[in-house]
Amino acid sequence: MVFKRVLGSLGVGGPVVETVLDREPVRPGGVVRGHVRLRGGGGACDLEHLALELVAGVEAGCGGEEHEGGVVFDRLRLGGGFRLDAREHREIPFTIHIPWETPLTEVSGQPLGVVLGVRVELAAAGATDHGDPEPLIVRPLPVQEAVLGALGRLGFGLVAADLRLAHIAGTGQRLPFHQEIELTPAPQYLHAVNEIALTLLTGADGMEVVLEADKRGRGAGALGRHTVRHEDLERRDWTGEVDSWIRALIESRARHTARDGRTGAGGAIAGVTGGTGVTGVTGATAGTAVGGAVGGGMVAAGLGDALGNLAGLGDLGGPGSEEEDRG
């Protein structure tokens, strides 16, 4: 493998670094293993600290400009305070736990256009610089597959997956951004809605699901909640339940449209954390993203196949998998 120069700020002949990841994909809440390879430059160098960062390509602002270097959403200190001699080779193994809310980069083998990476940060001689990010592949948890699979069976199509630098009011969101998955409605809902936006906020016990209809329109929405835990996977009729969420969202939107006298957007939040499966819709205005937010993903070719593939899911299993040892 080719080493990648890291500390340009240290000048020509400085140390070089490479981040090497185990190539197994990971799921939210899982772990990533690998090692950092260091090679000394033309002379000895005292390294003050060495850290790993999880970064996401998130755009923000009305112009859609991307944050330089990405948004850091987790960090692991590996050490520091040691000397790297000239031409010395050193390997430092690591295990980093990724947050439960880490966005998905692919569904059913289809890339979503979301860019995540693991990069090294190295400081020496009072200067700090970063290596090139190593791409990170994140696949859905079983509970996420359950919801996406139900949407696929209902006939929804997957358009794009964006990362939005914003917090969704009324949720337990922890990261500074969230993933929004844009869906085209199934034929049976086309008369009532043009687009559904979906956000899946996972946690150790379950998941919050945020649904919003025709987000780019005008108008107010309504708040609704539905609850489930990871272990409830096999005890639910996911297709029927997700259908009830969508119908409740549409009914809520219609009530707000009639009340406000305009053809606006409606939103609903379905929080999946507990485990009743009862649909509840209130007249409260839906809390959507607070602050600037524009898409950070890209429309990927062939995304329409992703939900179709998930629609045939059989045994969903539990939240664990062989590639997500949470040790």
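The values are calculated or read from the model by the stated rules, or taken from the named source; none is laboratory data. Since the structure is predicted, the reported quantities are computational estimates derived from the model, not experimental observations. A quick note on method: Cβ atoms are made from the backbone with ideal geometry, for glycine too, and the neighbour counts reach across all protein chains shown. All accessible areas refer to the heavy atoms of the entire protein, side chains included, with ligands and DNA or RNA removed. Shrake-Rupley method; radii C 1.70, N 1.55, O 1.52, S 1.80 Å.
Assorted remarks:
- Difference of contour (0.36 nm per residue) and Cα-Cα distance, R33 to E91: 19.6 nm
- Average accessible surface area per residue within region 93-161, 1.4 Å rolling probe, Å²: 29
- Unit Cα scatterers, Debye sum, region 107-225: log10 I(q)/I(0) for q = 0.10, 0.12, 0.16, 0.22 Å⁻¹: -0.40, -0.55, -0.89, -1.48
- Each of the peptides 85-91, 136-142 was scored by the mean count of other Cβ atoms within 10 Å over its residues; in descending order, highest first, they stand as 136-142, 85-91.
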